[in-house]
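These notes concern the structure reproduced below.
We did not get these values from a lab; they are worked out from the coordinates using the rules stated. In this text, all values refer to a predicted model and were calculated from it rather than measured experimentally. For neighbour counting, all protein chains shown are included, and Cβ atoms are generated from backbone atoms with ideal geometry for every residue, glycine included.
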Amino acid sequence: GRAAPAPTVVTRRLRATGTLLRRVPARLRWQLPPKHILRAMARLGPEARPAPYKVGP
């Protein structure tokens with residue numbers, strides 16, 4: 001295995017990732033389907049269409 005990076009490196013990478021993800025517009029972020037839906041669509045073929053994804057009641 002490889003040695004773990006230093007805690008300061010991990011912190012810097014996490015902060016950079018958080019900054020980058022916060023720059024994705026919320027409208028776009030919530031329109032992207034979850035990965036499990038994308039994988040299922042890939043298995044079923046191009047004719048497959050998922051049902052609308054709903055969160056909560």
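Using r as the Cβ-Cβ distance of residue 20 and residue 41, and R0 as 30 Å, what FRET efficiency do you calculate, to the nearest 0.05?
Details: r = 26 Å, r/R0 = 0.86.
Given R0 = 30 Å and the Cβ-Cβ separation, E is 0.70.
Net charge within 12 Å of residue 6 by Cβ-Cβ distance, Lys/Arg positive one each and Asp/Glu negative one each, not counting residue 6 itself? If you can, show how the numbers build up before the last one.
Working: positive: 12, 13; negative: none.
Spelling it out: positives minus negatives among the neighbours equals +2.
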